[in-house]
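Visitor: Okay, handing you the structure first.
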Amino acid sequence: MAIGVFDSGVGGLSIHRALVDRMPQADFIYLGDQKHAPYGERSGEEIVELTRQGCETLFEAGASLVVLACNTASAVALRRLQSSWLAGYRQTAGRAVNVLGIIVPTIEAATGLPWEHEAERRGPKVENVDVLGIFCTTATARSRVYEIEIDKRRQDLAVFSEPCIGLAGMIEAGESEDKLKAVVESRVQALKTRIGRYPDRAILGCTHYEIIGDLFKAALPEGTPLIHQPSSVADALERYVARHPDYQIGTSGLRRFLTTGEPGPQSRIVEAFWGAPVTFEAV
Ligand code: DGL
């Protein structure tokens, strides 16, 4: 058995890297649904169905746990799959399987509070003192998941999601750094205009953006803290696996990279991020 890591494409490699570094002995199977990437401009129904298919492929390949290394799938599909599909699939599979998202650990890192902690609303709403910018896909921004869940926990934190239309697709296509830089700078400026100033902190709320994290750092004022989603997810998964030994995750250090798209080596930006060539096999 293994840990499955799912994304629409190469973005989930940013989460995968942190998980592999944290649990080097565990077996990992990565799946990029590159045939259907990017997800960010798709409808909710499509995202739910594609995510379900991705989970099923990973379970069939031997995963016991699937991490949705994709904010879009976590925001739009996770609850639906947990409530309407997973229990039935478990019965058919006859073994312990589960699907985990990446937004809960990210919100815990952003708020500094455990998920269970919802602030009591007493009296008038406090003034927002800290502004958090979230760079994400259109579907994640439309879900308002970060705004809603953070507001339940920290009323002194104002959240602004900035959809970066087309950016994940450009990263997927291995576009030149100049073109990526221009889009990143325009989204940072758009967010600044909307807030009236730069955010105090930011989250790269699309796993593809972590691959070009340096371009976001350069476009934001120097020293703007970025909440690092991959390490927050690795912390949470490590705790989860320790609490749930019934999910077997293997011990042989297996690494497989699957794609629903064209098999073969990935782009230079992906290689630069990963630190070595990454070759996907056809699923
Ligand atoms: N990497 C994904 C995310 O975190 C999806 C990007 C996309 O396919 O549009 O949102």
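Visitor: Restricting to region 136-185, and then to whatever is polar (S, T, N, Q) and touching a residue at least 40 places away in the same chain (Cβ under 8 Å), can you tell me which residue is farthest from Leu78 (Cα to Cα)?
Guide: Ser161
Visitor: Identify, by number, the condition in (1) out of contact with any Ser or Thr (no Cβ under 6 Å at 6 or more places or on another chain); (2) over 25 Å from Ala2 (Cβ atoms) that Ala109 doesn't meet.
Guide: Among (1) out of contact with any Ser or Thr (no Cβ under 6 Å at 6 or more places or on another chain); (2) over 25 Å from Ala2 (Cβ atoms), Ala109 violates only (1).
Visitor: Quick one: in region 55-79, of everything that is small (Gly, Ala, Ser) and touching a Ser or Thr at 6+ places or on another chain (Cβ under 8 Å), which residue is farthest from the ligand (Cβ to nearest atom)?
Guide: It comes out as Ala77.
Visitor: Are there any pairs with C-beta distances below 9 angstrom linking a residue in region 186-209 that is over 17 Å from Ser232 (Cβ atoms) to a residue that is surrounded by fewer than 13 Cβ atoms within 10 Å (Cβ to Cβ) and of a type in the set (A, V, I, L, M, F, W, C), with the two at least 6 apart or on different chains, and if so which?
Guide: Note: pairs meeting the criteria are Asp200/Val129.
Visitor: Restricting to region 156-176, and then to whatever is at negative phi and surrounded by fewer than 16 Cβ atoms within 10 Å (Cβ to Cβ), can you tell me which residue is modelled with the lowest pLDDT?
Guide: Filtering region 156-176 for residues that are at negative phi and surrounded by fewer than 16 Cβ atoms within 10 Å (Cβ to Cβ), the one modelled with the lowest pLDDT comes out as Asp156.
Visitor: Now, a different point. With under 30 Å from Met1 (Cα atoms) and buried (at least 18 other Cβ atoms within 10 Å of the Cβ) as the only criterion, which of Gly94, Gly101, Gly88 stands out?
Guide: Only one candidate passes the filter, namely Gly101.
Visitor: I would also like to ask the following. From Leu204, Leu191, Leu215, which residue is within 15 Å of the ligand (Cβ to nearest atom), under 22 Å from the mean Cα position of the chain (by Cα) and surrounded by 16 or more Cβ atoms within 10 Å (Cβ to Cβ)?
Guide: Leu204
Visitor: Right, something else. Just checking, does region 134-146 include any residue being in a strand (DSSP E or B) and touching a Leu at 6+ places or on another chain (Cβ under 7 Å)?
Guide: yes
Visitor: For the structure I just gave you, tell me whether Ala110 is over 21 Å from Glu172 (Cβ atoms), within 16 Å of the ligand (Cβ to nearest atom) and either buried (at least 19 other Cβ atoms within 10 Å of the Cβ) or at pLDDT 95 or above (or both).
Guide: Yes.
Visitor: While we're looking at this one, here's another question. For Arg42, only one of the following conditions fails: (1) in a helix (DSSP H, G or I); (2) within 16 Å of the ligand (Cβ to nearest atom). What is its number?
Guide: (1)
Visitor: Still on this model: Just checking: which of the helices (runs of 4 or more DSSP H) contained wholly in region 177-238 hold 2 or more residues that are acidic (Asp, Glu) and either over 24 Å from Val129 (Cα atoms) or modelled with pLDDT of 95 or more (or both)?
Guide: 177-195
The values are calculated or read from the model by the stated rules, or taken from the named source; none is laboratory data. No experiment lies behind these values; they were computed from the predicted model shown. Every residue, glycine among them, receives a Cβ derived from its backbone with ideal geometry; neighbour counts consider all protein chains shown.
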